[in-house]
Amino acid sequence: IIDLQSLIDNLIEAASIEAGRFKVNPQEVELSVIIQRAIETVEPIAKKHGVSINRPKEKQSFLVLADSRRTCQALINLLSNAINYSPAGGAIAITTLILQKEVLVEVEDQGQGISVDRQQRLFKRFASFESDHDLSEIGLGLGLSVVKAIIEAQNGRVGYKDGESGGAIFWFTLLLVDGGAS
C-alpha cells in the first residue's frame, strides 16, 4: 500500500510540475520530525525486504525552512529506492551534517551503486533502470525527478555520489533557520 501511495503522490506531483502549478510552502520545522515520519512510513517495507534503517544521531536536530509534507515525500522516495536496491540483511544509513547555512541529508544504501553512464540521467523524468537480475526493480522513473523538484523549489540542492564501500548515496540540502540547531 505504501508503494502504491508513493506512486500516486509522484504521479500527482509530476503532473503539477508539468502544468506549472507546483508550489511549496516552506516553514520552520525540525528536520528530525520529517526524518522520523519518513522512516515510520517506509519501515514496514524495509522489514519485508530484510533491510534495516539507521537513523541519524538522536541529539542532532536542526530547524530548517522546509515544506514538511513535500520534504517527507522526497525522503520517502529516497528511502524507498534505497530499500529496493539494498540486499537482504543490508542497512540504510541516514546522516545529517551542517554545511554553513544549510543542512546536508544523506541516504546511503549497500546496493551495487550506479554506473557512471546512468548517473547523468538520475534526476530526469522517466529515467528508470532495469536491474539485470530482478525485474521487480523496474520503476516509472518519476521518484528522483520529484525529489529534485521538491528540494530545488525550497532553494536546496540534490545529488548523488558513490559510497566508499560501494552502494549509492543520494543527498539533498535544506536551508537552516537562523541559529540552526534546536
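Points worth noting:
- Residues within the reach of a label modelled at Arg55 (point 7 angstrom out along Cα to beta-carbon, backbone nitrogen below 15 Å), restricted to segment 147-173: there are none.
- Amide H to amide H distances under 5 Å link Ala91 with Ser52, Gln110, where only residues 5 or more positions off or on other chains count and H is placed in the peptide plane.
- Using the average count of surrounding beta-carbon atoms within 10 Å as a protection proxy, the listed peptides 171-177, 98-104, 25-31 rank, highest first, as 171-177, 25-31, 98-104.
- Greater than 28 Å apart at Cα, pairs in Lys47/Lys101; Lys48/Lys101; Lys23/Lys101: Lys47/Lys101; Lys48/Lys101
- In sequence order, calculated HN-Hα J values of segment 153-158 (Karplus, 6.51, -1.76, 1.60; Hz; x Gly/Pro): 5, 9, 6, x, 10, 10
- Remark on Asp67: its backbone amide H falls under 5 Å from those of Asn25, Gln27, a criterion applied only to residues 5 or more positions apart or on other chains, H modelled at 1.01 Å from N.
- Pair Asp117, Ala91: separation of 7 Å Cα→Cβ label points (nm): 3.5 nm
- Take each peptide in 146-156, 70-80, count the other Cβ atoms within 10 Å of every residue, and average; sorted highest first, the result is 70-80, 146-156.
- Sequence-distant residues sharing a close amide H with Gly113 (under 5 Å, placed H): Gly167, Ala168
Only the coordinates and a few stated rules stand behind these numbers; no lab work does. What you are looking at is a predicted structure, and each value in this text was computed from that prediction instead of being measured. In this analysis, Cβ positions are derived from the backbone assuming ideal geometry, glycine residues included, and neighbour counts consider all displayed protein chains.
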